[in-house]
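Encoded as C-alpha cells, the structure appears first; notes follow it.
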Amino acid sequence: MAGHDQTIGSFLWRAERLYPDTEIVARTHDGIERYDYATYADRTRQLANALEASGIEAGDRVATVSWNHHRHFETYFGVPNTGAQLHTINPLLPDEHVQYIVENAGDRLVFVDPSLVEKLESAYDADAFASVEQFVVMGEAVPETSLDPVTDYESFVGEQEPSYEWPELDEDQRAGMCYTSGTTGRPKGVEYTQQMLWSHTMATLTPQGLDIDDGDVVMPVVPMFHVNAWGMPFSLTAAGAKHVYPGPSPDPEDLARLIEDEGVTFTAGVPTVWMGVLEYARENDLDFDSLERVMVGGAAAPKSLIRAFDEEFDVTMLQGWGMTELSPVGTLSHLKDGMEDWDAERKYEKRQKQGLVLPGLEFRVVDDDGEEVPWNGEDFGELYIRGPWVTDSYFERPEADETDFEGSWLKTGDVVSVDEDGYVKIVDRAKDVIKSGGEWISSVELENALMAHDAVSEAAVVGVPHERWQERPAAFVVLADEVGVDRDEVKAELVNLIREDYPKWWVPDATLFIDEVPKTATGKFDKKRLRDEYGDESLVADEAPDER
Ligand code: ADP
C-alpha cells in the first residue's frame, strides 16, 4: 500500500495537535478527574513505556477488567499503538466464562478496576490464568488482594517518560479483542485489526453515522468492556470531542448529574439505562438543556422511550443495531431526507426500527430455503452482513467459522424484515440466547444446569419480553416423575442450583412445570412455540434482580 496504513494512532496524533486543551473527564472512586488531550497523549506514551518495561511486545494480549474511566481510556490507545492487543473482558460474566476467556486469549497482563478486584479474585484459577504475569489495579493504591504480582496503575505508569516513538504498524495488526456470548456454547473471541477499528471509526463519524464533531461533549455509558463502548472512545478522539466517562456502576443520578455538570451533548447506552434516567429526570424536574442526542442499542428501544425523550427533553434518540462481530455498529435509525415532514406517529414507526445500514456495509436477508427475501416490510429471514469492520472468523474456533459465515458474509443470527425504504427491523433471534438489560444469558447453560437435577427430565429456557430489561429468562420444566414430588421444593432447589454457578441475574424469573417441551420436526426444543404459547409479560416478575 502506498503511504500509510489505516491505523488508529493517526486519530490520537491529530487530537493531541489540534485539540490539546479539550477535556477528558471521568467519574472515579476518588471523585471527578479531568485533564486534556495533551496530558492524555503523554500518559498513553508513559503507559507504552511501562508495558515495554514489563516485557510486553507487539502481538501480546493485554486485558482489562474495568468500568469506564480515563485510565481505561488510556489503554485504548496506549496498548494497540504499541502493536499489542487490547482485550476487554466483561466482568458481569460468570467466573467460568472469565476463566475460559483469559486462558483462550493467553493474556499476559491484566488491568483491573479497584472495584472489580474481588470479582477477579473469585474468577481466578491458577491453570486458566497461567499466561498472566502481572496484575495492575487501575488506581493509586493496591487494595488487600490475593492477585499476585500486583501493582497500582499510577506507580506502573508514573515513573515512565512521556516520550515514546510509536512503531509504524501494519493495518492487519491485531489491535483489539472482545468475546461474544451471542450464540450457544462457549464465548467466542472476535479480534479487531487496526484497519477494522479505523474503518468503523470513520463510518461512525459520517452524518449518517453518529455525526460527532469537535463541539460535542460525549458520555459513553455503554461499558468499555462491551465492544469498545461501541467504538466511541476512538470516534470521539478522531473527532476531537470532549469525553465524559461515567465510572464504576453509575446510577441514574450519577448520569443525570454528569449530563448537567459537563454539558453532555451526546450519550450512548442500552435501553434499560435510559429508562432509569428518564424516571429520575421526571422525578427531579430535569430538562437536560445541553443534551441533543442519545444513542440507544444492544437491545430493541421501545417506542415509548424514543417518544419520551423527544417530547419531554427535545432529545433525539437514535437507535443502533450492532454486534461484537461488527466492531459493533451496523445500522442506525436516522430518518431519510424528506421524512422529517411526516406526522409524528409515522416517524416514530420508522425510528423504532433498527434502521439504515452504515455506508461501507452490505447486507442480504435470507429465508430458510436460502432465497433472498424482498424488501416489503413483511417477509423475513436471517440477516447476513459484510464490510470492512465485520470480522470474517472467530479466534481459534473453526467449528463456529463453519456455521456462522458464508463466504465473506457473517450470518448474524438475527431475523429481520426490511421495508421499502431500506429500514431493517429485527423480528426475532435465531440464536439461542436471552438478552437482559443488554447482557447475554445463555439459555443452553441454564437448561443444562436445570437438567442436572434428578427430578427433571427436560428443561427449556426462553426469553420473554420485559418492560425494563427487554427480556428475562423463563424456565419450562418437565418432571421425570410427578408422583410424590413437591413442585415448590424442586423449584427452590433449581434456583439454588443456578445461584451456585451463575450470577443472580441469570436466575429465571419464572419456573413453570409443563407436561412436554414442544419439539421441531428435527426433534429440537421448539422455542418459538414456547415463546408464542407462554411468552407474555405476566410470566416475569416486575423487578428482575438488579445485580450488575
Ligand atoms: P452489542 O450488545 O454491543 O450490540 P453483542 O454482540 O453483545 O453486541 O449483541 C449483538 C446482538 O444484540 C444482536 O445480534 C441482536 O440480537 C441484539 N441487538 C443489538 N442491538 C439491537 C437493537 N437495537 N435492537 C434489537 N436487538 C439488538
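Overview of results
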read-out	value
Pairs of alpha carbons in the stretch 37-180 whose separation is greater than 18 Å (percent)	52
Under 5 Å, built H, 5+ apart or other chain: amide partners of L479	S457, I514
FRET E, pair E500, E283, Förster distance 30 Å, beta-carbon r, rounded to 0.05	0.20
Inter-site label distance for E340 and E489 at 7 Å from Cα along Cβ, in nm	6.8
Cβ-placed point charges (K, R +1; D, E -1), dipole of the chain about Cα centre in debye, nearest 20	680
3J(HN,Hα) from dihedral phi, the stretch 336-347, Karplus parametrisation 6.51/-1.76/1.60, rounded to Hz, x for glycine, proline	6, 3, x, 6, 4, 7, 5, 6, 3, 4, 5, 5
Dipole of the stretch 369-500, positive direction: furthest Cα of P374, L497, I385, with charges on the beta-carbon	L497
Karplus (6.51, -1.76, 1.60) ³J(HN,Hα), θ = phi - 60°, over the stretch 308-321, in Hz, Gly and Pro reported as x	4, 5, 5, 7, 8, 10, 6, 10, 7, 8, 9, 7, x, 10
Under 17 Å from K336, Cα to Cα: aspartates and glutamates that are on another chain or at least 8 residues apart	D211, E345, E349, D419, E420, D421
Cα-based shape type of the stretch 9-250, given that a ≥ b ≥ c are square roots of the gyration tensor eigenvalues and the cut on a/c is 1.5	rounded
Unit charges on C-beta of K, R, D, E only; dipole of the stretch 434-547, Debye	500
In order through the stretch 125-141: 3J(HN,Hα) via Karplus (6.51 cos²θ - 1.76 cosθ + 1.60), integer Hz, x for Gly, Pro	8, 4, 5, 5, 9, 4, 6, 7, 9, 7, 10, 10, 7, 7, x, 9, 8
Stokes-Einstein diffusion coefficient of the stretch 219-289, Kirkwood radius over Cα pairs, 37 °C, 0.692 mPa s, in µm²/s	261
Cut-off under 5 Å, modelled amide H: who pairs with L210 long-range	L205
Virtual spin-label span in nm between K524 and D213, 7 Å along Cα→Cβ	4.8
Within straight-line cross-link reach of K524, aspartates and glutamates at Cα separation under 15 Å, skipping those fewer than 8 residues along the same chain	D432, E447, E458, E516
Percent RCO, i.e. relative contact order, over the chain, from Cα pairs under 8 Å lying at least 6 residues apart	11
Mean shadow area of the stretch 384-538 over all directions, Cα convex hull, nm²	12.2
Unit charges on C-beta of K, R, D, E only; dipole of the stretch 98-218, Debye	680
Average accessible area per residue (Å²) across the stretch 361-429 - probe 1.4 Å, nucleic acids and ligands excluded	50
Cα-based equivalent ellipsoid of the chain: semi-axis lengths in Å, sorted from largest, via gyration tensor	36, 29, 24
All lysines inside 24 Å of K119 as judged from Cα atoms, apart from same-chain residues fewer than 8 positions distant	K188, K435, K504
Over the stretch 64-148, volume per residue of the alpha carbon convex hull, in Å³	87
Accessible area, probe 1.4 Å, largest first, for residues E493, E396	E396, E493
Accessible-area order (highest first, 1.4 angstrom probe) of the listed residues Y164, Y153	Y164, Y153
Sparse-neighbour loop sites [GluC sites (Glu not before Pro); the stretch 99-199; at most 13 other C-beta within 10 Å; DSSP]	E144, E159, E165, E168
Evaluated at q = 0.16 Å⁻¹: base-10 log I(q)/I(0), Debye formula over Cα of the stretch 333-395	-0.72
Among H87, S249, G209 - extreme Cα towards positive end, dipole of the stretch 9-250, charges at beta-carbon	G209
Whole-number accessible area per residue in Å² for the stretch 9-250, which is evaluated in the context of all protein chains at 1.4 Å	33
Accessible-area composition of the chain, carbon plus sulfur, in percent [1.4 Å probe]	44
Residues of the stretch 434-547: accessible area per residue with a 1.4 Å probe, Å²	49
Heavy atoms of Y124 accessible to a 1.4 Å probe, total area in Å² rounded to 10	100
For G413, distant residues with modelled amide H under 5 Å away	L383
Ratio Rg/Rh, restricted to the stretch 361-429 and using Cα atoms, in which Rh is the Kirkwood radius	1.00
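The values are calculated or read from the model by the stated rules, or taken from the named source; none is laboratory data. Keep in mind that this is a model prediction, so the values were computed, not measured. Glycine also receives a Cβ, built like all others from the backbone with ideal geometry; neighbour counts cover every protein chain displayed. Heads up: the accessible areas ignore ligands, DNA and RNA and are worked out on the full protein's heavy atoms, side chains in. Shrake-Rupley method; radii C 1.70, N 1.55, O 1.52, S 1.80 Å.
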